[in-house]
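To start, the structure itself, in structure tokens.
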Amino acid sequence: MSGDTITHESTSTPHPAAGKRDTTTFSQSRAARELGLTRRQFDLAVRLGHIRTLPDEGGGGRRVAREEIERLRAQQDFPEALRKRAEAVGTRQAAEVMGVTGDRFTRLARLGLVVPVDFYVNRYRAVVWLYLPDELEGFAADPNNGPLLNRPLPESLRDQLHAGLDLRPRNWRGRYLGFLLRQAEDPWERAAALASLLDPLQVSETVGDPYERAHLNRFRVRPPAHGAPGSPTAHLTERIATAEDPDEIAWLRADLAGAVTQARQHRPAPRPAPRHPDGGAAPEARPAPDGQREPARENPPGGLLGRIFRRGA
């Protein structure tokens, strides 16, 4: 029945005249139906780079061009091949793919030797990590990994597990950050991708200028939706998507500071127009042409340097 619906929707949309480029775009939900994918499969295929999306100029989320739908449909063994590339398996199936017990697989995942590609929270509020079968097969086929699959783990690794090591959330965040950075099309979007994995307080301490923080928030990406907003499931998802380890937080903050510096040079964050002494608004400041710097007095530095300059004034 769903296949009939997809065919009907596809044929009901008019095609462009010959010689004209079709600019029709679909919402992500509609694109998933057009491609015969579940929404989870579609989202994963987008993150892995199998489906290209476009920013929505109206601010309604990213969309998929008709020509991208047609490109995917023209591929060999569609839709089975696309579904296979967007397939992710849980611990039990992952262990079967690698030919190990579920307990052995979980220990390898906690050690960071296999990296999850996605996760969800089940009805018992337990996190279910998902993995790509192709990556698992590649790990198991590597002769160097044989001892990890069928021999006792080295004592150093066992000690880390006994100490509570679990790199699954951190490794997922690293993978998710790569997706956000690939999707970013602007220096401010790249900075916002880094800020998306930090606690708001850490972002505030790293980016001292409130106008730059507000501009960052325009592009900041929220973690994948799990559960109703404000629910325990949503809070758990947000915690997984937020950096926890001190060294991870440190390099994210360092990268964020550098990314904001580059974004500021590319295009300063918007600021309120200065006001004349009589109370009227001054003419709106225009951004400097590309390659030129604005005079320092018109846009004083933020953060610590800004406070020093203002005290001196």
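The values are calculated or read from the model by the stated rules, or taken from the named source; none is laboratory data. All values derive from a computational prediction rather than experimental measurement. Neighbour counts run over all protein chains shown; Cβ positions are idealised from the backbone, glycine included.
Things worth noting here:
- Selected residue (criterion: surrounded by the fewest Cβ atoms within 10 Å (Cβ to Cβ)) from residues of the stretch 174-193 that are acidic (Asp, Glu) and under 12 Å from Ala263 (Cβ atoms): Asp186
- Selection within the stretch 120-135: residues that are at pLDDT 95 or above and surrounded by 14 or more Cβ atoms within 10 Å (Cβ to Cβ). The member of this set that is farthest from Asn171 (Cα to Cα) is Pro133.
- Among residues of the stretch 192-207 that are in the same structural domain as Thr242 (by TED's automatic domain parsing), those with a Cβ under 6 angstrom from a residue that is acidic (Asp, Glu) and at pLDDT 95 or above, sequence gap 6+ or separate chain, pair up as Leu194/Asp255.
- Among the conditions (1) surrounded by 19 or more Cβ atoms within 10 Å (Cβ to Cβ); (2) touching a residue at least 12 places away in the same chain (Cβ under 8 Å), Arg213 misses just one, which is (2).
- For Arg92, the conditions (1) without any contact (Cβ under 8 Å) to a residue 40 or more places away in the chain; (2) in contact with a helix residue (DSSP H, G or I) (Cβ under 9 Å, 6 or more places away or on another chain); (3) within 26 Å of Leu35 (Cβ to Cβ) are fulfilled apart from (3).
- Qualifying residue in the stretch 99-119 (condition: closer than 29 Å to Glu34 by Cβ, free of Cβ contacts under 8 Å to residues at least 60 places away in the same chain and touching a helix residue (DSSP H, G or I) at 6+ places or on another chain (Cβ under 9 Å)): yes
- Listing of helices (runs of 4 or more DSSP H) fully contained in the stretch 39-106 that carry 2 or more residues being buried (at least 16 other Cβ atoms within 10 Å of the Cβ) and in contact with a Ser or Thr (Cβ under 7 Å, 6 or more places away or on another chain): 91-98
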